[in-house]
1. Just for the range 386-399: of the residues that are surrounded by fewer than 19 Cβ atoms within 10 Å (Cβ to Cβ) and touching a strand residue (DSSP E or B) at 6+ places or on another chain (Cβ under 9 Å), which one is nearest to residue 446 (Cα to Cα)?
2. Yes or no: the range 181-188 includes at least one residue that is at pLDDT below 90 and either in the same structural domain as residue 119 (by TED's automatic domain parsing) or closer than 20 Å to residue 234 by Cα (or both).
3. Among the residues of the range 480-504, what is the count of those that are surrounded by 14 or more Cβ atoms within 10 Å (Cβ to Cβ) and part of a loop (DSSP other than H, G, I, E, B)?
4. Would you mind finding the one in 444, 399 that is within 30 Å of residue 289 (Cβ to Cβ) and assigned to a helix (DSSP H, G or I)?
5. With a cut-off of at least 3 residues that are assigned by TED's automatic domain parsing to the domain that holds residue 187 and either in contact with a strand residue (DSSP E or B) (Cβ under 6 Å, 6 or more places away or on another chain) or buried (at least 24 other Cβ atoms within 10 Å of the Cβ) (or both), name the helices (runs of 4 or more DSSP H) lying wholly within the range 38-145.
6. Within the range 300-347, can you find the residues that are under 13 Å from the mean Cα position of the chain (by Cα) and assigned to a loop (DSSP other than H, G, I, E, B)?
7. Based on what the data block shows, is residue 315 within 26 Å of residue 288 (Cα to Cα), buried (at least 22 other Cβ atoms within 10 Å of the Cβ), touching a strand residue (DSSP E or B) at 6+ places or on another chain (Cβ under 6 Å) and free of Cβ contacts under 8 Å to residues at least 40 places away in the same chain?
8. Can you name the condition, by its number, that residue 310 falls short on among (1) touching a strand residue (DSSP E or B) at 6+ places or on another chain (Cβ under 6 Å); (2) within 17 Å of residue 216 (Cβ to Cβ); (3) in contact (Cβ under 8 Å) with a residue 24 or more places away in the chain?
């Protein structure tokens, strides 16, 4: 038996590397680097962002960097300086982009948060990050009355910023930093506890692009991106901010999660070539449009899926609908973007692909010890190290010590290594259910039930009955109205495909499943049986 203490991705083809060269040199200040790159490559008059709301306006690379320099002056007038943290609670749009670049130009640190969080969450993050300024979206009269939102920190509204920036003098000199200077903070989704601030540096975005955007996805200046995942999440940040600005391409920015019909319209309007989404949104796209290629997706050359594993068969349905390959990947806030990914050259459906070039992956047991027979199909927990893995959590030394050991990140994702070196994702370590003293993976049960044509989405959890016994229950989002006998069919399907202890005792039909804004299932709510 050959052991694999850690595995790395095979080298990319030389032809691809030559066709899509990396931009040489360390980036220094990200905002200054991107502005200089756009001018040097002749991208100044090329579209960078298409804002789908407020009149479908497009912004060129030159306009973006000019407005960012002016926005930096406005932020400086509001007390923002080098090393200060600026909380951005904004929907996707040009103000988000220019505010981020403005903070970078000043040497400040942008704190990226979901603008739709409850007031208590915003207050926690503003206080935890010690934000000197909170740039916020437009609030309704009701939201303005939320006491304690942003913990009493100074506020600057997006409408105010948009009005002040165009007439401000541009900040022409960027604050000097190196690749290891903190650039931004993103908070984890909080699926396993209170969100933690993850710190990333000025050099990280270039690495995301060089290793994933340029090398694996072959993004060129002619590509147009649509990302269902938003800019304030790690996945969306790379897709719709980093990749376009480093490649001279463009991205469509949507201020809210688009419906399947909106995706159709936006893809057709902007001739989108790269579509990024999460499995639940892809499932909705298929359910809304059915199987078979749709003409509105003729421009799409590839789709990427992350956030959770694609259920069996869904990837094929999405591929048939789009007429393009579906590339599954896995990443984390701590890694900044993907650390395992399929590519245009090496796509292995049902897996999350090979480790991204430059990253190492190991399978370990619950005690953190490497599994020597990981290549023999043994399940383990994924540990990863690589150039963009965070050095630590903001103000969380104990959490940092627990999750980051010797440069290796404990992802808490379960996986198995396939013979070809790819990894198959098996869910989170805390996803396992205990039924009658036996450990059960709900993903295995969900995969079987999802093959039924009447099932749109499904989640399985162990719930305690009135006698105190743990029983599996399936929560199913149906395709269309629930017909008589469907519960019996689903339980029968599970009986035919699974061991008896893995078969749900009951099925509850629900209109939706509880998910985080990133599309991840909130299993702790499913285990309660109500949400």
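1. Taking the range 386-399 and keeping what is surrounded by fewer than 19 Cβ atoms within 10 Å (Cβ to Cβ), we get 387, 391-392, 395-399.
Filter again for touching a strand residue (DSSP E or B) at 6+ places or on another chain (Cβ under 9 Å), leaving 391-392, 395-396, 399.
Values: 391: 36, 392: 34, 395: 38, 396: 35, 399: 32 Å.
For the range 386-399, the residue satisfying everything is 399.
2. Filtering the range 181-188 for residues at pLDDT below 90 gives 188.
Subset that is either in the same structural domain as residue 119 (by TED's automatic domain parsing) or closer than 20 Å to residue 234 by Cα (or both): 188.
Yes: the range 181-188 contains one or more residues that are at pLDDT below 90 and either in the same structural domain as residue 119 (by TED's automatic domain parsing) or closer than 20 Å to residue 234 by Cα (or both).
3. 3
4. Working: 399 fails: within 30 Å of residue 289 (Cβ to Cβ).
Answer to the selection: 444.
5. Numbers: elements: 61-77, 94-105, 119-128, 141-144.
Where helices (runs of 4 or more DSSP H) fall fully within the range 38-145 and carry at least 3 residues being assigned by TED's automatic domain parsing to the domain that holds residue 187 and either in contact with a strand residue (DSSP E or B) (Cβ under 6 Å, 6 or more places away or on another chain) or buried (at least 24 other Cβ atoms within 10 Å of the Cβ) (or both), they are 61-77, 94-105, 119-128.
6. 306, 307, 308, 309, 332, 333, 334, 335, 336, 337
7. Values: within 26 Å of residue 288 (Cα to Cα): yes; buried (at least 22 other Cβ atoms within 10 Å of the Cβ): yes; touching a strand residue (DSSP E or B) at 6+ places or on another chain (Cβ under 6 Å): yes; free of Cβ contacts under 8 Å to residues at least 40 places away in the same chain: yes.
Taking the combined requirement at face value, the residue satisfies it.
8. Answer for residue 310: the failing condition is (2).
The values are calculated or read from the model by the stated rules, or taken from the named source; none is laboratory data. Model, not experiment: these values are computed from the prediction. Ideal geometry is used to build each Cβ from the backbone, glycine not excepted, and the neighbour counts take in all protein chains shown.
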